[in-house]
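First comes the structure, then the notes that go with it.
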Amino acid sequence: MSTRKSRYVVRLMYADQAYAVARLLLAAGHSTIARRVPSIIPTLNGEFTVPADRKRRLIVCTFLFGSTPVEPTVKVANQLGALLARLHQVSPAVTDEQTPTGRDLASASWFQAMRTAAADHRATEIERDLTSKAIDTVKAIGSTYSSLQRILIHGDITTRNLTYNENGVGIFDFGGVISAPRLLDVQGALANIAGLAGALQPSLADSLIEGYSEVWPLPETEQALLKVAMVGDLARIMAWIRQSGSSRTREWIRTEKTYRLRLLQGLLSDFD
């Protein structure tokens, strides 16, 4: 959606999430509002429809201009860490009953999905072996991870969901927010900013953690879980890649599957 002066992004969300997401968007530098869905809304072909679920809200936020995907640098890593911490500080706590499954590490659905992936005939022997090792690695910290406070997090911090301009780093695409411990966002940032070469680059990783901790200190107990969380999420992403057959995903596989596989191998070797 656009006007003469600005461009906007509009999303439809359930009311219990809409206002929390609006707070995250504000912290990320967007101007945003949350509004009740109108009685009738126009469709793309010019006709009108009555929403089936009036318990939803429209989220309207400004479009962040800048260059994307963002080139990882020490400065970008530091700014991203600080921005993530500000987002997490304003995010509300979430009860266990609201915790989603599948994408959240160490959930029952995560383990089920990983066991299925470990037996997937489409996976290579190396991928099946890495998935089995990832299950064992995550299982060892399951109770500790499950005890961490859950908040609403972005859930998909990649260079494709970041933008950079004169004001610094910006985050967009909040359509997939999930409730999970904050370190799930932090590990995603580490994997996608500091791990693009197929191995964690210490200067980028340290700068990101430093930027985060300057705003909201990350205890050593949580920092110690970051590599395990990365292992679990990388294994989940590898399984998702195999299950998706779209042409867009096949292109994404060609460009990113190799580095993710190398990163997963390197991280798991640290636990041998």
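The values are calculated or read from the model by the stated rules, or taken from the named source; none is laboratory data. Remember, predicted model here, so these are calculated numbers, not experimental data. Positions of Cβ are generated from backbone atoms using ideal geometry, with glycine treated the same way; all protein chains shown enter the neighbour counts.
Would you please list the contacts, defined by Cβ atoms under 6 Å and residues six or more apart or on different chains, that run from a residue in the range 62-78 that is in a helix (DSSP H, G or I) to a residue that is modelled with pLDDT of 90 or more?
V74/S203; V74/S207; A77/I193; A77/L204; A77/S207; A77/L208; N78/S207; N78/G211
Exactly one of these conditions fails for A123: (1) within 15 Å of H154 (Cα to Cα); (2) hydrophobic (A, V, I, L, M, F, W, C); (3) modelled with pLDDT under 90. Give me its number.
Every condition holds for A123 apart from (1).
Conditions tested, residue by residue: (1) at pLDDT 80 or above; (2) surrounded by 12 or more Cβ atoms within 10 Å (Cβ to Cβ); (3) not assigned by TED's automatic domain parsing to the domain that holds E210.
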{"residue": "T32", "(1), (2), (3)": "no, yes, yes"}
{"residue": "T68", "(1), (2), (3)": "no, yes, no"}
{"residue": "K75", "(1), (2), (3)": "yes, yes, no"}
{"residue": "R86", "(1), (2), (3)": "yes, yes, no"}
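Please give the helices (runs of 4 or more DSSP H) falling wholly within the range 195-270 in which 1 or more residues are modelled with pLDDT under 90, surrounded by 16 or more Cβ atoms within 10 Å (Cβ to Cβ) and of a type outside the set (G, A, S). Spell out the reasoning first.
Numbers: elements: 202-215, 220-223, 226-243, 247-269.
Counting at least 1 such residues, we get 226-243, 247-269.
Among the numbered conditions (1) surrounded by fewer than 20 Cβ atoms within 10 Å (Cβ to Cβ); (2) more than 30 Å from V70 (Cα to Cα), tell me where A113 comes up short.
(1)
With under 22 Å from the mean Cα position of the chain (by Cα), at pLDDT 90 or above and hydroxyl-bearing (S, T, Y) as the only criterion, which of T137, T116, T158, T163 stands out?
Selected residue: T137, the only one of T137, T116, T158, T163 that is under 22 Å from the mean Cα position of the chain (by Cα), at pLDDT 90 or above and hydroxyl-bearing (S, T, Y).
Looking at the range 122-156, which of its residues are over 18 Å from V94 (Cβ atoms), in a helix (DSSP H, G or I) and touching a residue at least 24 places away in the same chain (Cβ under 8 Å)?
The first filter runs over the range 122-156 and keeps only residues over 18 Å from V94 (Cβ atoms), leaving 122-144.
With in a helix (DSSP H, G or I) added as a condition, the list becomes 125-139, 142-144.
Result: I126, E127, L130, T131, K133, A134, I135, T137, V138, K139, G142, T144.
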